[in-house]
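Data block below; observations after.
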Amino acid sequence: MATAERICYHCGESVPADADLRIELQGQFQFMCCQGCLAVASLITDAGLSNYYRHRQQVAAKANEHAVDAAAAWQTIDQRQELWGVESANGDRDLLLQVSDIRCVACAWLIRSHLEKQPGIIAVQVDVNSGFCRFQWAPDTTRVSEIAKRLFGLGYTPHLPLAQAEEDGRHKERTDSLKRLSVAGLGMMQVMMYAVGLYAGDAFGISAAARGFLSWVSLLVCLPVLLYSGRVFFQGAWRGLRSGKPGMDLPVALAIALAFLASSYHFFLGVGEVWFDSVVMFIFFLSLGRHAELILRQRNLQAGSALARLLPEWANRLADQDRVEVVPASDLRSGDRVRVMTSAAFPADGVLLRGQTEVDESLLTGESLAIGKSVGGAVIAGSINLQQSVDLRVSSNPEDSTVSSLGRLLLSAQARRNDDAGLPGWLVPWFIVVVLCIAMAAWWYWLGHDASRAFAVALAVLVASCPCALSLALPVVRSSASLSLMQQGILLTRPSALFDLLKIKAVVFDKTGTLTLGQPVLVKVEINAERPEFKRDEVLGLAAAMESHSRHAVAQAFREFVPTSGLVEVVNHDGAGLSAQFGNQPLRLGKQKFALDTDDHSVLEDHSLWLADDKGWIARFELNDALRPGAEAMMKQLRTNRLELSICSGDSEMAVSQCARKLAIDSYQSRQTPEDKIEYIKELQSKGTVLMVGDGINDAPVLAAADVSIAVHGASELANSAADIILTGTSLASVTRSMTAARKARKLVNQNLTWALLYNLSILPLAVSGLLQPWMAALGMSASSLLVVLNATRMRSITTADIEPTSSATAAWAQS
Amino acid sequence: MSMLYVLIALALALLVLAVWALFWAIGNRQFDDLESQGWSVVLDDDQKPPQSNASNDEVSKPTKEAPP
């Protein structure tokens with residue numbers, strides 16, 4: 001049996017050598033790594049759902065062994081009707097829960113099949129991409145905790161129903177957009193059909209009655225499309241006008257309205273052309289673009305509920321006589337006492353009442369070292385308790401905690417940045433003014449020569465210059481660029497950010513986790529020359545053995561070495577270091593001050609670890625935060641582009657300067673709070689456009705404040721939701737690669753714009769002179785649009801030249 | 001030519017029907033999840049519990065919930 005390493009059939013992790021858990025599946029025994037996985041797997045097979053294992057595309061998450069306790073906590077929800085979901089007319093509830101660890105469609109099927117069989121659960125819907133599950137359930141037959149228990153039983157983790165209103169709002173926005181799109185699409189098909197008849201009639205002859213009828217039906221179909229699907233453009237234009245900032249909606253609304261009014265005027269007059277087909281086609285293509293952007297934006301926003309996810313959802317509140325009760329963390333109030341277990345996150349800001357520990361604040365402040373805390377020390381919500389369970393007095397309500405204020409900072413920074421999608425900002429008013437002027441001039445000219453045709457010609461000018469190809473020129477390149485970049489592990493969450501990359505003058509980097517990987521690595525071992533009896537392997541073995549008793553991040557640096565056995569009495573000295581007995585030799589490992597047990601203040605605090613016994617120091621281990629792959633090459637590349645580079649980090653002066661020296665960056669700031677960083681970015685922005693590259697929760701508001709922002713691989717969800725560009729590969733080379741792609745995309749956009757402008761400009765004189773036949777205009781419009789689209793697809797062949805394999809990372813992201 | 005009037009009237013009726021059907025489908029969340037329904041053909045296949053039959057399937061589940 002003990003031939004090769006055994007893999008857990010459920011979660012794919014290796015099975016411990018001493019475990020002997022297995023399950024019979026289709027006549028074969030399969031190994032399980034733990035009781036949790038065994039319980040889940042036997043539930044799945046006993047319920048006749050073992051097809052899950054045959055068809056799943058990814059292994060499941062390792063089952064939570066404390067699932068029973070976690071499920072029991074949900075019973076507090078059973079008393080709280082406000083968390084039961086929306087009540088429908090017949091008394092059923094519609095509950096939306098976000099569920100972790102849903103990885104592929106097989107998971108969705110598993111949840112649906114299992115829960116829909118339970119009494120009281122009427123219908124289940126699972127969205128694989130966002131993890132949102134919708135349960136329709138009957139409160140008189142079952143309870144919320146029962147639903148949660150079933151989900152835990154299958155190995156999934158439901159989260160508290162807090163974001164239902166937001167998600168319902170997003171859902172409504174999405175369905176409304178889809179309805180508008182489908183009405184426009186169906187209407188377009190009809191009107192185009194009639195238009196073919198009308199254009200054919202122009203070429204081969206048509207009876208007046210048939211022409212009138214076709215025009216009439218076109219009007220009939222066009223009107224509801226205009227009123228239903230086109231309404232958003234009029235609303236947008238009106239909002240823009242009222243606020244004094246007319247946007248892209250104004251020319252669109254103007255073009256639609258004028259083309260429709262002119263067509264109706266011609267129809268009722270019985271002379272001249274009708275362009276109902278142009279109106280619906282224009283509405284359809286615009287709706288299509290808007291819908292695609294909405295979906296992209298919403299997928300990004302769903303990570304926005306990540307803010308709540310940073311904090312633990314449940315807290316162990318201490319009631320009278322230190323009885324522990326599990327409550328939703330949002331129920332905590334200032335003054336409550338809370339117990340926080342080892343390696344759990346603090347649910348609220350507070351002050352330690354009991355115990356001593358170290359906390360990891362790296363995602364919150366950028367500080368790369370664990371920080372020692374003792375009774376009376378203040379901790380912030382979201383930081384991780386590293387050493388032992390402690391009691392905490394909550395000092396602020398969860399909505400006022402440091403993390404929540406970071407979230408608010410992020411929202412306000414995001415609101416300041418407007419994103420005008422579509423044509424380049426300067427082009428829209430310019431184009432509209434020119435077209436309007438020409439139309440007016442044509443009208444004035446024809447008024448003097450042939451007054452009966454004046455209005456028709458003026459409108460012909462407006463319609464012929466309908467900026468169809470022009471308005472497509474940029475969006476098609478943008479979407480084809482997003483697609484090809486996604487295959488290279490670069491996600492554009494705000495597509496127009498790609499072009500903003502071309503304008504940047506300065507780049508600001510976060511350090512911990514961005515330029516570095518946030519994990520210390522051993523770079524140098526120095527043995528005391530006066531103690532030659534110690535060999536390199538020996539000291540590494542001793543250090544590894546001692547550090548194996550520490551949860552400190554530094555311990556990871558020694559994990560690759562074989563620990564020496566025979567150490568006893570290993571004691572962890574609260575952040576300073578470790579001591580142990582080896583034989584009859586007392587050993588100390590830690591900061592120099594601790595290892596040598598001195599009070600000498602000339603001793604420099606650095607990242608070095610010292611190993612010493614009672615005769616003096618033995619070895620010095622130089623540790624450093626490993627640079628992210630591609631960091632040096634990226635800096636070189638950016639420097640050749642003459643960009644102003646700087647590092648802005650919350651970490652200590654020492655750590656930041658070391659990193660800056662290694663990357664040859666002169667300008668760096670250390671010990672920066674998010675507010676400081678935003679201030680620094682604003683200062684740079686007075687000189688030019690700024691790109692921010694970051695990863696932590698504390699970077700999120702800064703990312704939103706910068707003109708363009710990139711979140712690196714492994715960034716916190718909050719940073720991802722604030723960033724314009726998310727890297728899904730570990731290498732920083734993607735930063736320069738997206739700039740190259742931006743330059744190429746800009747070139748294609750320029751080609752497209754040139755072509756579209758040339759087309760519109762050359763068609764104008766024909767329209768002005770009254771020579772333009774409608775079918776010519778239709779042909780020209782389609783051909784120019786087609787050319788623009790085809791040109792945009794060249795983006796893919798251009799950028800695939802310098803790909804490195806990141807497809808697996810992209811696939812993993814797509815599944816999550 | 002009169003055929004044209006009949007056919008177009010018919011097309012319009014179908015258009016109204018199509019819009020109604022689409023709105024119904026969108027309202028019923030038919031477009032929310034385009035992936036998993038296709039998979040359920042494969043997943044819902046034939047597998048029955050190896051040792052228990054479908055009827056005691058329902059009963060046996062709750063007891064499996066708590067691992068020993």
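The values are calculated or read from the model by the stated rules, or taken from the named source; none is laboratory data. Because the structure is a prediction, the values reported are computed rather than measured. Note: ideal-geometry Cβ built from the backbone for every residue, glycine included; neighbour counts use all protein chains shown.
Laid out as a table, the results:
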quantity	calculated
Subset tally (residues that are surrounded by 11 or more Cβ atoms within 10 Å (Cβ to Cβ) and not hydrophobic (A, V, I, L, M, F, W, C)) for segment A:315-334	8
Failed item, numbered, when A:V128 is tested on (1) in contact (Cβ under 8 Å) with a residue 24 or more places away in the chain; (2) among the β-branched types (V, I, T); (3) more than 10 Å from chain B (Cβ to nearest Cβ); (4) in a loop (DSSP other than H, G, I, E, B)	(3)
Condition check for A:G240: surrounded by fewer than 18 Cβ atoms within 10 Å (Cβ to Cβ), more than 11 Å from chain B (Cβ to nearest Cβ), touching a Gly at 6+ places or on another chain (Cβ under 7 Å) and assigned to a helix (DSSP H, G or I)	yes
Close pairs (7 angstrom Cβ cut-off, 6 or more residues apart or separate chains): more than 8 Å from chain B (Cβ to nearest Cβ) in segment A:37-58, assigned to a loop (DSSP other than H, G, I, E, B) and small (G, A, S) anywhere	A:C37/A:A63; A:V40/A:A63; A:V40/A:G155; A:I44/A:S50
Residue pairs meeting the criteria (Cβ under 9 Å; at least 6 apart or on separate chains; first within 17 Å of A:K615 (Cα to Cα) and β-branched (V, I, T), in segment A:571-595; second surrounded by fewer than 18 Cβ atoms within 10 Å (Cβ to Cβ) and at pLDDT below 75)	none
The listed residue being hydrophobic (A, V, I, L, M, F, W, C) and modelled with pLDDT of 75 or more, out of A:L779, A:L786, A:L771	A:L771
Any chance A:E87 is farther than 30 Å from B:V42 by Cα and either crowded, with 21+ Cβ neighbours inside 10 Å or facing another protein chain (nearest Cβ under 10 Å) (or both)	no
Within segment A:185-229, considering residues that are closer than 15 Å to B:A11 by Cα and aromatic (F, W, Y), the one farthest from the other protein chains (Cβ to nearest Cβ)	A:W216
Residue satisfying condition, being at the interface with chain B (Cβ under 10 Å from one of its Cβ atoms), touching a residue at least 12 places away in the same chain (Cβ under 8 Å) and either buried (at least 23 other Cβ atoms within 10 Å of the Cβ) or outside any strand (DSSP E or B) (or both), within set A:R180, A:R170, A:R174	A:R174
Residue check for A:A165: closer than 30 Å to A:L311 by Cβ, without any contact (Cβ under 8 Å) to a residue 40 or more places away in the chain and more than 10 Å from chain B (Cβ to nearest Cβ)	yes
Counted residues, segment A:115-125 - those being among the hydrophobic types (A, V, I, L, M, F, W, C) and within 7 Å of chain B (Cβ to nearest Cβ)	0
Filter pass, A:R112 being in contact with a His (Cβ under 7 Å, 6 or more places away or on another chain) and at the interface with another protein chain (Cβ under 10 Å from one of its Cβ atoms)	no
Residue selected from segment A:22-36 under the condition facing chain B (nearest Cβ under 10 Å) and in contact with a Leu (Cβ under 8 Å, 6 or more places away or on another chain), by the criterion surrounded by the fewest Cβ atoms within 10 Å (Cβ to Cβ)	A:Q35
Test: residue in segment A:704-713 that is assigned to a loop (DSSP other than H, G, I, E, B) and on the phi > 0 side of the Ramachandran plot	no
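Residue-by-condition table, conditions (1) of a type outside the set (K, R); (2) surrounded by fewer than 23 Cβ atoms within 10 Å (Cβ to Cβ):
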residue	(1), (2)
A:D724	yes, no
A:T730	yes, yes
A:S734	yes, no
A:A741	yes, no
A:K744	no, yes
A:T754	yes, yes
A:L757	yes, yes
